[in-house]
Amino acid sequence: MQGRRIVGLLLSFTIVASFWPRHILAAGASPTQTDVGFVYRPKDDSSLSKTVEVHSVNLAGSFNDWNRAGAPMTDAGDGSYVKHLKLDEGVYHYKFIVNGNIWMPDPKADPALREDDGHEGFNSGVFVGEQGRDFGPAISNGVNMAAVLHDPSRTSYYNVVAADTAEVRLRTLHDDVQGVVLHWHDQRERDIPMQRGDTAYGFDYWTASVVADGTDKTVSYYFVLTDGAATRTYGAGDNNGAHAVQRFNADLTQRFPTPGWAHNVVWYQIFPERFRNGTTANDPPHTLPWRWDWYKMAAWEHPREGVQFSNDWYGRRFGGDFQGVMSELPYFRDLGVTTLYFCPVFESSSNHGYDTVDYRHISQYFGAKGDYETVAGTETLDPKTWKWTPSDRLFLQFVKAAHAQGLKVIIDGVFNHMGRNSFALRDVLANGPKSPYADWFDVTDWGPPVKYHSWDGGGSMPNFHKDAQKGYASDSAKKYIFDITRRWMDPDGNPADGVDGWRLDVAQDVPAAFWIDWRKHVKGINSNAYITGEIWGMAAKYLQGNEWDAVMNYQFGMRAIHYFIDHKHKLSATEFDHQLKQLLASYPMQVNYVMQNLYDSHDTDRLASMIANPDRDYNQGNRVQDGAHYNESKPGPSAYQIQKLMATFQMTFLGAPMIWYGDEAGMFGGGDPTDRKPMLWRDLEPYDNPQDTVMQDVIEHYRRVIAIRNTYPALRTGQFQTFLTDDQNDLFGFTRTRGADVVAVVVNNSDKDQALDVSVPFPNNSRVVDVMTAAPVEFYQASMASLGFPDFRNGATVRAMRLGPDAGPVYVVRAGKIHITLPHKSAAILARQ
């Protein structure tokens, strides 16, 4: 059936919660759509200046990728503007755009659904779909069966997370059911208690994660719901126990597979120009010594008045290259990371590479200086004419060596824009509409001079728009990107020798139709390739199986920073738990497992400096050159203690942790460009600035907790469940469970040491050890296959940890509890001995 709803007038429904777990509604096909009417009456909007003469109103929102021109509203003739859209169930955010450039929230929308718009304002929100109030009240000692829902055709209710793991969800009316058991039948029958997750819009959502038995892909199941003395069954047909129970039938075929290897890894992000200088032969002009004091002016740099900063610092060069990265392969092995993500590596005009000149070639400054000039202008758009430069071959040699060691490699795909010195844009500027690349860019005036839509005032934006009837605006621009994608993923007819995936810069600015086609191309080359996008906000609409596998999970970092770092705006343990569950509920679980869980990156201040500068909006007020009151000095011991705690949480929470190079060495600094200082190396000490020293205790902490994650599969692919939220003592505890394997984590986020009697999810008389502090232990290179890492090179190893036969202390579970002492700002990782 179809419904009809009007937005912008008096809303006719009540909001029960301020957040909707979007995955429950957005993932998988919705059975119905609702006609939603948006109405805006400018004269009734007190926040719109009375001097504005309204000529047009458009509607932009999450339903149309915030396209300011995609949904023009109709003048109703009575002072109001109207637009109707058919929308699936879910939460949508939007604004009205007056006269093409004045963005206005909806003054009549429900304030509970607002979200920060990132510009000191807010977006309005509307919820579309059923609500608990539609089904009447909860029943005491009974179950309101009309509100119960499970639909195995929708991934939001039945989701095959991995080849042997299914996630099952059931909806019930809020506070109507005390317990639910999933009766599951594959090779054997078993009863699995379901966990109640978040409540939204009058419903409770129950979840169970099932590791299937055997190789049979066919499964059947039903649900048993209890409330007081009442027990009801729910299957394919609800007969409430009067007859033989009918069952839901499903299979273990993945509808949205994400790469199995990406479920298991620890990421390490590298800014190539600043990681290691392996040879001075390819150094750019004005390359500074690696040990240079960042705050010292070079002879050619110009200080800014009133601040110890030079704009020239944005363009500094230190000579990092792939010779340097290659030399440090043993470093990655010793640290225990398993996947490298490189910021742009292609030929460009800058130190950061986000202004690509030519995607066909690796930067000459990362390999062999001058080799790009030998091929520039000799190649056409036909890949048969493309040559391999020495820099290209060095990079492929590095990828091969990394794979042999047990490392995956992905690179930055900056397809949203090309540099002002790119071969295509230079040709367009020189030849105008006669250029073979004339349709690559959104040209607004052929001039002369030629004018075009720009990324940064100079960099060009390729036109990847696609019309359903006419196709791509530029077939040749699309083909060029598809061809360079194949070049680096499959350089020699064997995709095992190419890169393992892509990170997509400002990916929301590229039309979805392009990503949908590009994903098919990528997965056609290598079905195990990984695709992640740069999205700072919520990203559910991009992660439904047809665009990307994951995103850089800044939302994880924001929540953790509010809990571990902030003082004035600090989250309680209960609220932190609530926000984490909301975040996990926003995406299919196979997406959560491969999310890049990060605290900082090349675009933010360093984690250690975040800790020393609490109570700021994320990535705001962190650049001294912009007048921010920000402490860029080296943080003290207490800050690094918090960083160690946050690293422990990052390595044990659900998702794939990502480290910004040098965090593990204790590097610090404010926002761009100070966050991109040269990597600290012990063999290069002392540095010119005495504050620049490798923090050995920090690096040892990272090495240990990464080895623990590598050792215990439950920490990589186990289900997440909270068992402790103590707001008074600031304690937070959770488990990671995979089948019979359980690891429990207890966080003491307070400023005091605490002796605790902790209820733990282990059987009585179990012997439990805190592997974070246990001794003696041995660190060794273990076979990745033996630890359950899929899809890595045969024979590859990874740093792991094993307990000595007398490792302790050992805690014995008595009456469901253990007694443990936790120092302030620390965590225990508990596993059965």
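The values are calculated or read from the model by the stated rules, or taken from the named source; none is laboratory data. Note that the coordinates shown come from a computational prediction; the quantities given were computed from them, not determined experimentally. All Cβ positions, glycine included, derive from the backbone under ideal geometry; neighbour counts span all protein chains shown. The accessibility values were calculated without ligands, DNA or RNA, using every heavy atom of the protein model including side chains. Shrake-Rupley method; radii C 1.70, N 1.55, O 1.52, S 1.80 Å.
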query: Filter region 450-462 for residues that are outside any loop (DSSP other than H, G, I, E, B) and farther than 18 Å from Trp515 by Cα; which is least open to solvent (accessible area, probe 1.4 Å)?
result: Ser460
Complete set of residues in region 778-794 that are free of Cβ contacts under 8 Å to residues at least 24 places away in the same chain and assigned to a loop (DSSP other than H, G, I, E, B): Ala785, Ser786, Asn794
statement: All-but-one check, Tyr530 against (1) of a type outside the set (D, E, K, R); (2) within 24 Å of Arg503 (Cα to Cα); (3) open to solvent by 10 Å² or more (accessible area, probe 1.4 Å), failing number (3)
- prompt: Restricting attention to region 169-186, does a residue exist that is farther than 20 Å from Tyr234 by Cα, in contact (Cβ under 8 Å) with a residue 24 or more places away in the chain, open to solvent by less than 50 Å² (accessible area, probe 1.4 Å) and in a strand (DSSP E or B)?
  reply: no
message: For region 429-449, which positions are more than 37 Å from the chain's Cα centre (by Cα), part of a loop (DSSP other than H, G, I, E, B) and free of Cβ contacts under 8 Å to residues at least 12 places away in the same chain?
response: Ser435
- request: Being out of contact with any strand residue (DSSP E or B) (no Cβ under 7 Å at 6 or more places or on another chain) and of a type outside the set (D, E, K, R) is the filter; apply it to region 71-95 and report the residue that is surrounded by the most Cβ atoms within 10 Å (Cβ to Cβ).
  value: Gly79
query: Out of all the residues in region 481-501, is one or more among the hydroxyl-bearing types (Ser, Thr, Tyr), modelled with pLDDT of 95 or more and in contact with a Pro (Cβ under 7 Å, 6 or more places away or on another chain)?
result: no
task: Kindly check whether there is at least one residue in region 463-484 that is open to solvent by 50 Å² or more (accessible area, probe 1.4 Å), within 19 Å of His403 (Cβ to Cβ) and of a type in the set (Asp, Glu).
output: no
- prompt: When the residues of region 612-650 are filtered to those that are hydrophobic (A, V, I, L, M, F, W, C) and in a helix (DSSP H, G or I), which remaining residue is farthest from the chain's Cα centre (by Cα)?
  reply: Val624
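For (1) at pLDDT below 95; (2) among the hydroxyl-bearing types (Ser, Thr, Tyr); (3) crowded, with 22+ Cβ neighbours inside 10 Å, each residue gets a yes or a no:
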residue: Asn710; (1), (2), (3): no, no, yes
residue: Pro713; (1), (2), (3): no, no, no
residue: Arg716; (1), (2), (3): no, no, yes
residue: Gln721; (1), (2), (3): yes, no, no
residue: Leu724; (1), (2), (3): no, no, no
residue: Phe732; (1), (2), (3): no, no, yes
residue: Arg736; (1), (2), (3): no, no, yes
residue: Ala740; (1), (2), (3): yes, no, no
- line: For Asp517, the lone unmet condition from (1) in a helix (DSSP H, G or I); (2) in contact with an Asp or Glu (Cβ under 9 Å, 6 or more places away or on another chain) is (2)
statement: Among the residues of region 130-142, the number that are open to solvent by less than 30 Å² (accessible area, probe 1.4 Å) and out of contact with any Leu (no Cβ under 6 Å at 6 or more places or on another chain) is 2
message: Looking only at region 13-55, filter to residues that are open to solvent by less than 40 Å² (accessible area, probe 1.4 Å) and among the hydroxyl-bearing types (Ser, Thr, Tyr); which one of those is modelled with the highest pLDDT?
response: Tyr40
query: Can you name the residue in region 551-596 that is touching a residue at least 12 places away in the same chain (Cβ under 8 Å), among the basic types (Lys, Arg) and more than 24 Å from Asp505 (Cα to Cα) and is also least open to solvent (accessible area, probe 1.4 Å) among such residues?
result: Lys581
message: Considering only residues that are open to solvent by 50 Å² or more (accessible area, probe 1.4 Å) and more than 27 Å from the chain's Cα centre (by Cα), which ones fall in region 694-708?
response: Gln696, Asp697
- line: Within region 270-299, the residues that are among the hydrophobic types (A, V, I, L, M, F, W, C) and within 36 Å of the chain's Cα centre (by Cα) are Ile270, Phe271, Phe275, Leu288, Trp290, Trp292, Trp294
message: Taking the conditions exactly as written (open to solvent by 10 Å² or more (accessible area, probe 1.4 Å), of a type in the set (Gly, Ala, Ser) and either modelled with pLDDT of 95 or more or out of contact with any helix residue (DSSP H, G or I) (no Cβ under 8 Å at 6 or more places or on another chain) (or both)), does Ser601 satisfy them or not?
response: no
- prompt: Mind checking which residues of region 405-422 are open to solvent by 10 Å² or more (accessible area, probe 1.4 Å), touching a strand residue (DSSP E or B) at 6+ places or on another chain (Cβ under 6 Å) and either among the small types (Gly, Ala, Ser) or not in a loop (DSSP other than H, G, I, E, B) (or both)?
  reply: Lys408
task: Confirm whether Gln696 is free of Cβ contacts under 8 Å to residues at least 40 places away in the same chain, under 24 Å from Val265 (Cα atoms) and not aromatic (Phe, Trp, Tyr).
output: yes
query: Among the residues of region 314-364 satisfying the criterion of being more than 26 Å from the chain's Cα centre (by Cα) and of a type in the set (Asp, Glu), which is farthest from Arg426 (Cα to Cα)?
result: Glu328
- request: Find the residue count for region 779-833, including only residues that are within 27 Å of Thr258 (Cα to Cα) and either of a type in the set (A, V, I, L, M) or open to solvent by 80 Å² or more (accessible area, probe 1.4 Å) (or both).
  value: 10
task: Determine whether region 742-759 contains at least one residue that is among the hydroxyl-bearing types (Ser, Thr, Tyr), open to solvent by 20 Å² or more (accessible area, probe 1.4 Å) and in a loop (DSSP other than H, G, I, E, B).
output: no
- request: Go through region 493-538 and give me each residue that's among the acidic types (Asp, Glu) and over 29 Å from Gly70 (Cα atoms).
  value: Asp497, Asp500
query: From the list Ala744, Ala815, which one is out of contact with any helix residue (DSSP H, G or I) (no Cβ under 9 Å at 6 or more places or on another chain), among the aliphatic types (A, V, I, L, M) and farther than 17 Å from Arg716 by Cβ?
result: Ala815
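For (1) within 24 Å of the chain's Cα centre (by Cα); (2) within 21 Å of Thr737 (Cα to Cα); (3) of a type in the set (Phe, Trp, Tyr), each residue gets a yes or a no:
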| site | (1), (2), (3) |
| --- | --- |
| Met145 | no, no, no |
| Val148 | no, no, no |
| Pro152 | no, no, no |
| Val160 | yes, yes, no |
| Thr165 | yes, yes, no |
| Leu170 | no, yes, no |
| Leu173 | no, no, no |
| Val180 | no, yes, no |
task: Name the single residue, out of those in region 102-116 being more than 29 Å from the chain's Cα centre (by Cα) and of a type in the set (D, E, K, R), that is farthest from Pro72 (Cα to Cα).
output: Lys108
